[in-house]
Amino acid sequence: MMNHELRYCAVDPGKYDYILLSYGLCGNGTLGVSHPKLPIIMHNVHDCVPLLIGDRKAHCEYMQKRPGTFWFSYGWIEGFPLPGGYDYPQKYDEFFNSVLNEKQRDAIERMLMENYTHLTFIWWNELGHIIAEAGRRYTRSCVASLNDRLGFCLQYDEVKGSPEVLKRFVDGEWNSDDFLYLEPGKKLLFDAARSKLFVEE
């Protein structure tokens with residue numbers, strides 16, 4: 001768990017003022033995170049999609065319109081096994097150290113995608129035209145593969161993202177809407193009823 005790693009990492013408070021943790025709740029992976037000697041600054045988000053879009057409000061509005069969205073980014077395309085990808089078996093083996101046959105792959109992808117309607121690619125101008133086009137092609141090929149092989153009716157979409165939130169994070173421009181400030185010893189908590197992150201008092 002992230003909390004265990006942070007709690008026991010050797011950080012000299014005489015050399016550093018903060019720990020910058022570029023994560024959100026991330027599947028509860030940061031729940032309870034704290035550090036005994038240094039404050040932690042982290043993103044006030046459930047996952048990294050709003051960070052890639054660069055605007056929490058825009059992300060919420062998109063999800064209200066299309067709640068069945070499975071997100072793609074170029075980083076995920078390069079690093080992770082994504083449903084429908086031509087390289088899914090190879091990346092699955094690299095990531096999970098497990099070889100899939102075709103039947104197993106179909107079963108996993110069917111289970112993963114059964115509640116989704118869209119595969120949406122997030123692109124940044126800052127990464128350039130070549131990367132954006134490669135990401136579009138890959139995402140569209142995943143849509144076609146899942147629809148053709150498994151009978152889904154998925155649609156392709158794309159969203160122009162921005163590194164603005166990440167830039168403000170590293171530049172120290174931490175407003176209370178987008179970022180959480182955890183004093184030393186204080187834990188990150190989550191109110192499931194309100195779907196809200198907050199810091200232990």
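Here is how the numbers come out for the structure above:
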quantity: Hey, Leu197 of a type in the set (A, V, I, L, M, F, W, C), buried (at least 16 other Cβ atoms within 10 Å of the Cβ) and farther than 26 Å from Cys60 by Cα or not; calculated: no
quantity: Boolean, Phe190 is within 25 Å of Gln64 (Cβ to Cβ) and at pLDDT below 95; calculated: yes
quantity: Sole exception among (1) under 24 Å from Val170 (Cα atoms); (2) surrounded by fewer than 18 Cβ atoms within 10 Å (Cβ to Cβ); (3) not hydroxyl-bearing (Ser, Thr, Tyr) for Ile19, by number; calculated: (2)
quantity: Qualifying residue in the range 113-129 (condition: assigned to a helix (DSSP H, G or I) and closer than 19 Å to Met63 by Cβ); calculated: yes
quantity: Test: residue in the range 147-167 that is in contact with a Pro (Cβ under 9 Å, 6 or more places away or on another chain), closer than 26 Å to Leu21 by Cβ and not in a loop (DSSP other than H, G, I, E, B); calculated: yes
quantity: Residue under evaluation Tyr92, criteria (1) surrounded by 15 or more Cβ atoms within 10 Å (Cβ to Cβ); (2) in contact with a Pro (Cβ under 6 Å, 6 or more places away or on another chain); (3) within 30 Å of Glu183 (Cβ to Cβ), criterion not met; calculated: (3)
quantity: Which listed residue, of Leu119, Leu180, is in contact with a Leu (Cβ under 9 Å, 6 or more places away or on another chain), over 12 Å from Phe72 (Cβ atoms) and touching a residue at least 40 places away in the same chain (Cβ under 8 Å); calculated: Leu180
quantity: Residue match in the range 174-188 (condition: farther than 15 Å from Pro81 by Cα and assigned to a helix (DSSP H, G or I)); calculated: no
quantity: Filtered residues of the range 8-60 (kept if part of a loop (DSSP other than H, G, I, E, B), within 21 Å of Asp191 (Cβ to Cβ) and aliphatic (A, V, I, L, M)); calculated: Leu25, Leu31, Val33, Val45
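Yes/no matrix, rows are residues, columns are (1) in contact with a Phe, Trp or Tyr (Cβ under 6 Å, 6 or more places away or on another chain); (2) modelled with pLDDT of 95 or more; (3) on the phi > 0 side of the Ramachandran plot:
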{"position": "Thr30", "(1), (2), (3)": "yes, no, no"}
{"position": "Asp55", "(1), (2), (3)": "no, no, no"}
{"position": "His59", "(1), (2), (3)": "no, yes, no"}
{"position": "Lys65", "(1), (2), (3)": "no, yes, no"}
{"position": "Tyr86", "(1), (2), (3)": "no, yes, no"}
{"position": "Pro89", "(1), (2), (3)": "no, no, no"}
{"position": "Gln104", "(1), (2), (3)": "no, yes, no"}
{"position": "Arg110", "(1), (2), (3)": "no, yes, no"}
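The values are calculated or read from the model by the stated rules, or taken from the named source; none is laboratory data. Being a predicted model, the structure only gives us computed values, none of them experimental. In this analysis, Cβ positions are derived from the backbone assuming ideal geometry, glycine residues included, and neighbour counts consider all displayed protein chains.
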